[in-house]
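Working notes, beginning with the structure itself.
The values are calculated or read from the model by the stated rules, or taken from the named source; none is laboratory data. Note that this is a predicted model, so its numbers are computed, not measured. As a convention, Cβ positions derive from the backbone with ideal geometry for all residues, glycine included, and neighbour counts pool all protein chains shown.
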Amino acid sequence: MASQESHHHALRAIETARLRLRPCTAGDADDLHRLWTDAYVRRYLWDDIVITRERAAAEINTSIRSFQRRGFGLWVVCLKGESSLVGFCGLRSFGEPAEVEMVVGLAPAYWGRGLATEASRAMLRYGFEEVGLERIYGGADPPNAASIRLMERCGMTFAKKMRVNDIEAVYYAVSRDAFQLQLAPNENDLSGRDRRRRLRATI
């Protein structure tokens, strides 16, 4: 366990124009449980099920192990310069054979500001540039039009349908090469090392 914790805490936070993202820890269980059981957030995230705090803690533990083993997991989203949690995002394994999907969710008070898109793009860059993934998926229930628009804004295109917990979900995807082509010209001209430096921020 000590090696997992040391690797986990060695990860640096990511800063975007308006956000600071940091790997979630066991100490975030109460805040994430509160977010994940919000009536609007849980509707599609947990198929409207009110999960227990124990389930939230288990998800965090799974994330910590994933960071240790594969270099990705769940991140807490805060406004830059503030410490309170406003959402979460991250990358996780799904399906068989295992592939990687992006997840994101914000408290309703922060909807409609483009923050979910900002966090999602940061996750895609982390997955492609830091972890070295070749393709990242995003999933949504068909009625969740907002999530589908979010995936499209991130350059994802329809990939497949899958049944998840007896619900047919749609999956979009973007490849590393396709995502790199979307970068703003001044970002795309940076070397890979410079882009990684831009992506990272000190803890």
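Some values worked out for this structure:
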| item | result |
| --- | --- |
| Candidate set from the stretch 92-115 (those that are surrounded by 11 or more Cβ atoms within 10 Å (Cβ to Cβ) and among the acidic types (Asp, Glu)); member that is nearest to the chain's Cα centre (by Cα) | GLU101 |
| Options GLY155, GLY105; residue that is closer than 20 Å to TRP75 by Cα and modelled with pLDDT of 95 or more | GLY105 |
| Considering residues of the stretch 51-80 that are in a strand (DSSP E or B) and touching a Gly at 6+ places or on another chain (Cβ under 7 Å) only, the residue surrounded by the fewest Cβ atoms within 10 Å (Cβ to Cβ) | LEU74 |
| Any chance ASP48 is out of contact with any Phe, Trp or Tyr (no Cβ under 7 Å at 6 or more places or on another chain), at positive phi and free of Cβ contacts under 8 Å to residues at least 24 places away in the same chain | yes |
| Selection count where residues are loosely packed, with under 14 Cβ neighbours inside 10 Å and at pLDDT 95 or above, scope the stretch 161-177 | 1 |
| Meets criteria (at pLDDT below 95 and closer than 24 Å to VAL174 by Cβ) for PHE128 | no |
| Some residue of the stretch 81-90 being among the aromatic types (Phe, Trp, Tyr) and either assigned to a loop (DSSP other than H, G, I, E, B) or without any contact (Cβ under 8 Å) to a residue 60 or more places away in the chain (or both) | no |
| Matching option when the condition is at pLDDT below 95 and either in contact with a Cys (Cβ under 8 Å, 6 or more places away or on another chain) or more than 23 Å from MET151 (Cα to Cα) (or both), among SER83, SER63 | SER83 |
| Meets criteria (surrounded by 16 or more Cβ atoms within 10 Å (Cβ to Cβ), closer than 23 Å to GLY138 by Cα and at pLDDT 95 or above) for LEU45 | no |
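Yes/no matrix, rows are residues, columns are (1) touching a residue at least 60 places away in the same chain (Cβ under 8 Å); (2) among the polar types (S, T, N, Q):
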residue	(1), (2)
GLY127	no, no
ASN144	yes, yes
PHE158	no, no
SER175	no, yes
